[in-house]
């Protein structure tokens with residue numbers, strides 16, 4: 001069986017997608033910055049090749065992605081922004097509750113030895129770390145301003 005040009009380009013595009021996925025994983029999981037930069041460079045090259053194959057297929061009418069429905073896109077962005085807000089609010093409440101509980105424990109403890117004559121050491125996570133105020137917490141994620149369609 002002989003593959004025609006459309007089949008060869010389709011195969012090349014699918015292969016490039018697979019290869020890009022592998023280089024993406026290698027880039028993310030690189031043990032040092034030099035290795036990460038090397039994989040990132042190869043990944044950029046693979047993306048360029050993939051894009052050129054896509055453009056050729058698109059220009060010939062062999063690959064026509066479905067146009068994005070702006071209403072559907074907007075609805076999904078709103079849904080995920082609401083979910084992000086919910087998760088951020090839940091994390092903020094948990095952090096606040098944890099800090100209040102820790103403060104209450106510190107109020108009831110005396111420094112030095114307690115009950116079993118074992119020294120009590122206090123440890124508070126995040127000491128010295130900047131705490132996110134309400135404005136910073138709400139702007140952790142900013143959706144793209146001009147999504148490409």
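Bear in mind these aren't lab numbers, they're just calculated from the coordinates by the rules spelled out. Source: prediction; values computed, not measured. Quick reminder, even Gly has a Cβ in these numbers, built from the backbone with ideal geometry, and neighbours come from all protein chains shown.
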The stretch 5-59: C-alpha gyration tensor shape, a/c 1.5 cut-off, then a/b vs b/c: prolate
Fewest-first sequence of 18, 23 by Cβ atoms within 10 Å of each Cβ: 18, 23
Order of 10, 97 - criterion: other Cβ atoms within 10 Å of each residue's Cβ, fewest first: 97, 10
